[in-house]
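Structure record follows, encoded as structure tokens.
Values in this text are rule-based calculations from the coordinates and carry no lab data. As the structure is a computational prediction, the values presented were derived from the model and not from experiment. Cβ atoms come from the backbone with ideal geometry, glycine included; neighbour counts cover every protein chain shown.
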Amino acid sequence: MTNPAPRLDNQDPALFGQTPSQTVGPFFHYGLPWKGGADLVGQSDMGARPELFPDEHYVLNLAPPKGAVSGEVVILEGVVTDADGKPVPDAMIEIWQANAAGQYASPDDGFIGFGRASTSDEGLYRFKTILPGPVPGPGNSQQAPHIAVSVFGRGVIKRLATRVYFDGAPQNAADPILALVPPERRDTLIARQQDGAWRFDIVLQGERETVFFDI
């Protein structure tokens with residue numbers, strides 16, 4: 001009589017492995033994103049969507065007043081659309097960036113460098129932040145001013161990673177990352193000034209799909 005195969009328990013190496021990605025969203029708006037999460041320089045409540053949950057749940061305090069910041073305060077906004085050009089009303093956008101001096105570890109108490117915003121019913125997101133400076137790149141190169149962007153949403157198995165560059169920045173022509181993108185698609189990574197803000201629309205699929213990077 002042969003011995004039965006040993007039972008595997010939760011400590012057995014045969015069960016270990018990489019946890020598979022899970023579909024992201026829809027989001028619980030009273031936890032993600034938070035009140036003021038899209039305001040990197042001030043004390044507004046940008047970022048959350050309080051109309052999606054009862055007033056008694058909207059009790060998170062705003063962050064304390066931030067200190068002075070250096071550089072140009074700007075609005076970054078845009079619409080997230082799907083392959084059919086329809087707005088995505090329950091996406092979540094995260095940004096991470098350097099300060100005006102091109103530093104990620106900012107000495108400015110008033111600038112945090114990270115933000116999170118939900119999209120509206122019209123697919124619109126909006127951040128209040130600082131126009132970033134150039135930062136060091138691979139091989140002692142210099143990267144053009146940019147903002148790292150992550151997109152989360154229903155049906156998005158892994159976050160989509162992209163970048164925002166700024167129209168007219170002289171460093172764009174020599175940016176080593178932008179140079180990896182085919183010339184005909186680089187404009188999907190360029191924000192342009194419109195109505196007093198920097199406009200950066202995000203297209204998830206289709207003919208005008210935004211360039212996303214492998215992560």
Practice prompt. Could you tell me which of Pro89, Ala173, Leu124 has its Cα farthest along the dipole of the range 34-203 towards the positive end, charges placed at Cβ (Lys, Arg +1; Asp, Glu -1), taken about the Cα centre?
Written response: Ala173
Worksheet item: For the range 34-203, with only Lys/Arg (+1) and Asp/Glu (-1) charged at the beta-carbon, what is the dipole magnitude about the Cα centre, in debye rounded to 20?
Response: 460 debye
Practice prompt. Mind sorting Thr129, Thr210, Thr162 by how few other Cβ atoms lie within 10 Å of their own Cβ, fewest first?
Written response: Thr162, Thr210, Thr129
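Can you tell me, using C-alpha contacts under 8 Å and at least 6 residues apart, the relative contact order of the range 34-203 as a whole percent?
Numbers: 395 pairs, mean separation 40.8, N = 170.
Answer for the range 34-203 is 24 percent.
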Fill in: Hits among aspartates and glutamates - C-alpha to C-alpha of Lys158 under 15 Å, sequence gap 8 or more where chains match
Glu94, Asp214
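Can you put Tyr104, Tyr165, Tyr125 in order, fewest other beta carbons within 10 Å first?
Tyr104, Tyr165, Tyr125
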Worksheet entry | Difference of contour (0.36 nm per residue) and Cα-Cα distance, Glu51 to Arg208 | 53.4 nm
Discussion item. Can you work out the Karplus-derived ³J(HN,Hα) for every residue in the range 76-83? Use 6.51 cos²θ - 1.76 cosθ + 1.60 with θ = phi - 60°, whole Hz, and x for glycine or proline.
Written reply: 10, 8, x, 10, 9, 10, 8, 5
Worksheet entry | Summed residue charge, Cβ within 12 Å of Asp167's Cβ, Lys/Arg positive, Asp/Glu negative | +2
